[in-house]
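The values are calculated or read from the model by the stated rules, or taken from the named source; none is laboratory data. What you see is a predicted model, and the numbers here were worked out from it, not measured in a lab. Cβ atoms come from the backbone with ideal geometry, glycine included; neighbour counts cover every protein chain shown.
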Amino acid sequence: YHTSPIRIMFLISDTGGGHRASAQALSAAFEQLYPGRIKSMIVDFWTEIVGQPFDYFPEGYSFLAKNPPLWRAAWQYGRFPLTRRLTEEFANAVGNQNFRRALSAFRPHLIVSVHPLTQFIPLRVLRTLRTPPPFVTVCTDLGGAHPTWFHRDADLCFVPTDRVRQIALRCGLKHSQLRQFGLPVRPDFWQDAREKGAVKGQLRLVKEVPTVLVVGGGDGVGGVGRIAVSIADKVHSKLGASGAQLVVVCGKNEQLKQKLSGRSWPVSVQVKGFVNNMSEWMAASDLIVSKAGPGTIAEALIRGLPIVLSGFLPGQEAPNVEYVTQSGVGTFSRDPKIIARIVSDWVANPRLLEERSKRAKVLGRPNATYDIVREIAKLVQLEHTSGVSSGVSTVYEG
Ligand code: UDP
């Protein structure tokens with residue numbers, strides 16, 4: 001055998017922060033479990049491989065994400081077999097050769113797709129190769145998932161929940177292709193958090209006062225400001241100035257951060273921009289208010305946080321709302337006043353918080369990233385040999 005590293009190609013598209021983050025998390029787990037034995041490359045399929053005219057994807061996504069009716073239309077468009085087929089044929093005409101070239105350049109031993117739109121072209125190309133590298137899909141949606149995630153030709157498909165498993169089965173995947181461990185999350189969430197009081201002290205929060213974490217999306221969209229103001233007012237009028245303290249994470253929305261920092265608040269509030277220590281803020285909190293992003297929900301469950309969802313992207317995030325509310329760990333409202341009432345009711349009721357927190361912990365999957373990686377590793381014999389068997393080398397002249 002030889003000992004050169006196993007090359008893993010992660011296929012993503014930078015639509016929202018989640019896909020790159022998931023690929024990075026998986027790559028970090030590979031590195032931790034098999035140090036020095038893998039080499040990851042994270043490739044934005046549509047901009048870096050396919051190119052024009054599909055390189056508008058990430059920008060188009062940001063635009064659509066801010067225009068929910070258009071977003072909904074685009075989502076539905078992809079669900080209908082005919083419209084989906086037309087787009088796929090066109091994209092394939094453009095992307096097929098480019099992906100072939102990328103394969104020859106990178107020569108991956110393994111391909112891991114972490115995006116719903118990076119299945120059909122790669123798999124079509126792989127079908128024509130004499131010894132294609134294994135192809136794995138890791139679905140990063142939580143409560144439901146778009147059909148394009150699921151392709152019968154994938155060697156393995158990782159689904160995070162029963163609901164997503166059902167969709168995969170309906171799309172024609174077999175039980176034997178599916179593995180279910182949870183969503184990949186960043187390394188900070190693989191370990192237990194430190195004791196809450198200690199974390200609170202370090203983050204300059206008051207130990208005895210409950211903490212409400214209000215999070216905007218990665219790019220800070222959603223009515224985070226109005227929600228925070230409503231909560232602060234309600235908590236103050238109902239429970240007094242030390243009824244709760246707020247941490248407001250504005251993400252990349254610098255303007256919002258400025259605006260909220262300059263305000264005077266009736267309760268203690270810390271306003272943050274984009275934080276790199278979300279795990280600690282969650283560990284210091286008693287509940288979270290957030291839009292229905294899968295990453296944030298998965299992280300909050302691991303940290304045992306009851307969840308108030310304040311919004312969702314139509315289509316892919318709508319099922320996350322159902323997932324959270326039906327599993328008894330949280331509730332949903334878009335109305336800042338209602339959110340404020342819910343939060344102040346919960347904060348005033350430690351038993352209820354405790355019970356929801358326990359349920360959240362049961363659903364949390366801190367080991368998912370390791371579990372997924374160990375399972376993928378079996379496909380390239382990383383698991384059982386100290387070196388790499390020559391059997392995995394791949395021929396690309398297909
Ligand atoms: N996040 C973060 N710092 C911030 C705001 C958000 O690390 O200041 C992280 C958050 O913890 C989560 C991700 O950004 O891991 C957002 O992913 P999610 O799937 O919830 O939503 P997306 O933005 O991808 O739609």
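If I filter region 309-321 for residues that are assigned to a helix (DSSP H, G or I) and small (Gly, Ala, Ser), do I get at least one hit? Let's see the steps before the verdict.
Initially, region 309-321 is screened for residues assigned to a helix (DSSP H, G or I), giving 318-321.
Those still in the list that are small (Gly, Ala, Ser) too: 318.
Yes; the residues of region 309-321 include at least one that is assigned to a helix (DSSP H, G or I) and small (Gly, Ala, Ser).
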The listed residue being near the ligand (Cβ under 10 Å from one of its atoms), crowded, with 17+ Cβ neighbours inside 10 Å and over 16 Å from the mean Cα position of the chain (by Cα), out of Val229, Val249 = Val249
Answer yes if at least one residue in region 306-319 is in contact (Cβ under 8 Å) with a residue 40 or more places away in the chain and away from the ligand (no atom under 14 Å from the Cβ), and no otherwise.
-> yes
Which residues, taken from region 252-293, are more than 14 Å from the ligand (Cβ to nearest atom), in contact (Cβ under 8 Å) with a residue 12 or more places away in the chain and over 22 Å from the mean Cα position of the chain (by Cα)?
-> Lys259, Arg263, Trp265, Pro266, Val267, Ser268, Val269
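Can you tell me which residues in region 13-40 are over 16 Å from Ala368 (Cα atoms), among the polar types (S, T, N, Q) and within 11 Å of the ligand (Cβ to nearest atom)? Before the answer, list the steps.
We begin by selecting, within region 13-40, every residue over 16 Å from Ala368 (Cα atoms); these are 13-17, 20, 34-40.
Checking the rest, the ones that are also among the polar types (S, T, N, Q) come to 13, 15, 40.
Of everything in region 13-40, just one residue is over 16 Å from Ala368 (Cα atoms), among the polar types (S, T, N, Q) and within 11 Å of the ligand (Cβ to nearest atom), namely Thr15.
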Extreme residue, surrounded by the fewest Cβ atoms within 10 Å (Cβ to Cβ), among residues of region 103-134 that are part of a loop (DSSP other than H, G, I, E, B) and hydrophobic (A, V, I, L, M, F, W, C) = Leu129
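Of all residues in region 293-305, which are outside any helix (DSSP H, G or I) and modelled with pLDDT of 95 or more?
From region 293-305, those outside any helix (DSSP H, G or I) are 293, 303-305; that's our starting set.
Listed by number, the residues that qualify are Arg303, Gly304, Leu305.
Hey, could you check region 364-375 for residues that are assigned to a helix (DSSP H, G or I) and touching a Phe, Trp or Tyr at 6+ places or on another chain (Cβ under 9 Å) and say which is nearest to His19 (Cα to Cα)?
Thr369
In region 135-153, is there at least one residue being part of a helix (DSSP H, G or I), in contact with a Leu (Cβ under 8 Å, 6 or more places away or on another chain) and farther than 22 Å from Met41 by Cβ? Give the steps one after another, and end with the answer.
Here is the first cut: in region 135-153, the ones part of a helix (DSSP H, G or I) are 147-149.
Restricting the remaining residues to those that are in contact with a Leu (Cβ under 8 Å, 6 or more places away or on another chain) gives 148.
Okay, now just the ones that are also farther than 22 Å from Met41 by Cβ, so 148.
Taking every residue of region 135-153 in turn, at least one turns out to be part of a helix (DSSP H, G or I), in contact with a Leu (Cβ under 8 Å, 6 or more places away or on another chain) and farther than 22 Å from Met41 by Cβ.
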